[in-house]
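Visitor: Below is one structure. I have some questions about it.
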Amino acid sequence: MEGTQRKRLLSLDTSRGFYTCVIIIAHAFSHLMFWDMSLIALEDFSIVAIIILSPIIIIATCAPVFVQISASALSYNFYLDVQKFIQSQKEIHTLSENPTSISFRNPMLLRIIKKNLINYAVLLGASLLHVFLFHYGLHWNGTVQHTILTGIIETGKILPINYEVFFQTDAIGLIAMSGIFNVGLISLLLCKEGFYKPKRNLMILFGLVFGWFILSPILHLVFDDLFWESLNAGQYGITLLLKLIVGPPQSIFPNFAFGFVGIIYGFAFAQGENYAFFKKSCGFLAIIFLGAAGIVVLLNGFSLSPDSFGLFLPLEIQLLDFAVIQILTLLFIKKIEFSSTSPEILRKRTRIFRQYGSVTMTVYMFESVLCLLNMLWFIPLWKLLPQTSFILHLEVFTFVAMQLSLWYGITTLWKRSKYKFSVEWFTVLIRKKILKN
């Protein structure tokens, strides 16, 4: 493992951008069909259009994939930072071959932990801004809960602040909380002589993945109703505690499991594992979770409606999401990290996705605002045309293409200033200010 050269994982950058595009597409469709403007009823939506959109529909509820991507990047860099520290200690102590016992009380290692915790703390702050200001209206606790800025655009009037939105767990908050948890988990796995026990660490992480999913339906069965009851009773301390366990829509259970499998992949990249490892790991998880999703569907049926997106997603959807993401992860790894194509050509081929992925959190935070603003002029314009089924379908698809194109244009122009004032830019700035570097 010594002498491993640090490189940027192109598959993570590419997949992050790919899923960012999925967010833009899925939310654009949803704003026109579910949340704000029901142009076409679901039963009237063309079967041809459904077939075309089926890949997007399958992964539209896969927001926790960003937890997996974030955890892979975190564990990959964390592992290599620790490896670099160990190598420096061996050089100081005349290249001793004895294992270096790792204590994270060491200033250098503490700095690694602080750096990552600051990143996720900033994201947690961005999450609070998102759910108070910029999130689209969600079906929440029996009503549609609007945030401040998007609420003005959606309703045309200034609404009183609804503090219940504080108890929503959005995707940004999920990434932040998972990241903070994973920093501690990785530190525990690698401390003392844990760095030298990759098989033990692998078994622990696989155990956490399965254990987390097994616990999930039990915890939701016990606590989901209590969450709403405590919220309605004004018992906000209990509600906050339950938010950290089952808070919708992006509940920690089971979504932290995406982070655990992300750590597995990040460690594997850092340890120089070959493609066979990823094929076995991704394939094993995909088969198990596809089978589990099938069993749940056979027992309980399949249920997913637009109203679910502000509540708790059905277990079969959570299982299916996890399986599909592992399949797609393997495809990205195979086509990029283990491709025979030269790195230069790969970078050119993945440039567009990587551009979207450079400001994923910023896009996620503001894409609903852009979507709603464009609807103000776009919808009246199309009403000048005959409202036939063909025109309505064309209207929806044109709007989605426009949203995707606008974000590409925005990121292209923004790239010139290195995405100054983006969420990602502020994260780096705050971290440097705190660490004074």
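Visitor: Specify the angular offset, from 0 to 90 degrees and rounded to the nearest 10, of the alpha carbon long axis of helix 236-246 from the longest principal axis of the alpha carbons in the chain.
Guide: Approximately 70 degrees, to the nearest ten.
Visitor: Now for a different question. Could you give the dipole magnitude of the chain about its Cα centre, charging the beta-carbon of Lys and Arg +1 and that of Asp and Glu -1, in debye to the nearest 20?
Guide: It comes to approximately 2280 debye.
Visitor: On a 29 Å Cα-Cα criterion, which of the cross-link pairs 115/280; 90/279; 115/415; 7/90 come out too long?
Guide: Over 29 Å Cα-Cα: 115/280; 90/279.
Visitor: While we're looking at this one, here's another question. What value, in deg cm²/dmol to 500, does the helix sum -39500 (n - 2.57) over DSSP H runs of n ≥ 4 give at 222 nm once divided by the residues of the chain?
Guide: The helix contribution divided over the chain gives -23500 deg cm²/dmol.
Visitor: Who wins for biggest fluctuation among 245, 263, 175 in a Gaussian network model of the chain, springs between alpha carbons below 10 Å?
Guide: Of the options given, 245 has the highest mean-square fluctuation.
Visitor: By how many degrees, 0 to 90 and rounded to 10, does the Cα axis of helix 171-190 deviate from the longest principal axis of the chain?
Guide: Helix 171-190 sits roughly 10 degrees off the main axis of the chain.
Visitor: Lys/Arg Cβ at +1, Asp/Glu Cβ at -1, dipole of the chain taken about the Cα centre: which of 143, 299, 366 is farthest positive-ward?
Guide: Positive-most Cα among the choices belongs to 366.
Visitor: Test of understanding: in a Gaussian network model of the chain with alpha carbons linked when under 10 Å, which of 254, 380, 343 would top the mean-square fluctuation ranking?
Guide: 380
Visitor: Please label the shape of segment 189-305 as rounded, prolate or oblate, based on the square roots a ≥ b ≥ c of the eigenvalues of the alpha-carbon gyration tensor (a/c under 1.5 means rounded; beyond that, a/b larger than b/c means prolate, else oblate).
Guide: oblate
Visitor: Could you look at the chain and say what percent of its accessible area is carbon and sulfur, using a 1.4 Å probe and all protein chains?
Guide: C and S fraction of accessible area: 67 percent.
Visitor: Could you give me the radius of gyration and the Dmax of segment 285-437, taking only the C-alpha atoms into account and expressing both in angstrom?
Guide: 20.9, 61
Visitor: Which longest run of the chain has no exposed loop site in it, a site being chymotrypsin sites (Phe, Trp or Tyr not before Pro) in a DSSP loop with at most 14 other beta carbons within 10 Å, and the site itself not part of the run?
Guide: The reported range is 1-301.
Visitor: If you build a Gaussian network model of the chain, linking Cα atoms that sit under 10 Å apart, which residue out of 350, 14, 143 swings the most?
Guide: 143
Visitor: Can you compute log10 of I(q)/I(0) for the chain with the Debye formula, treating each Cα as one identical point scatterer, at q = 0.08, 0.09, 0.14 Å⁻¹?
Guide: Those come out to -0.48, -0.61, -1.48, one per q.
Visitor: Follow-up. How much accessible area per residue does the chain have, counting only protein heavy atoms and a probe of 1.4 Å, in square angstrom?
Guide: 48
Visitor: Let me ask something else. Taking only the alpha-carbon positions of segment 14-82 and ignoring solvent, what does the Debye formula give for the base-10 log of I(q)/I(0) at q = 0.12, 0.22, 0.26 Å⁻¹?
Guide: -0.45, -0.97, -1.17
Visitor: Output the 0 to 90 degree angle, nearest 10, between the alpha-carbon long axis of helix 65-92 and the longest principal axis computed from the alpha carbons of the chain.
Guide: Between helix and principal axis, roughly 20 degrees.
The values are calculated or read from the model by the stated rules, or taken from the named source; none is laboratory data. From a predicted model like this one, the values you see are computed outputs, not experimental measurements. Glycine gets a Cβ as well: all are built from the backbone with ideal geometry, and neighbour counts include every protein chain shown. Areas reflect the complete protein model, heavy atoms only, side chains present, ligands, DNA and RNA absent. Shrake-Rupley method; radii C 1.70, N 1.55, O 1.52, S 1.80 Å.
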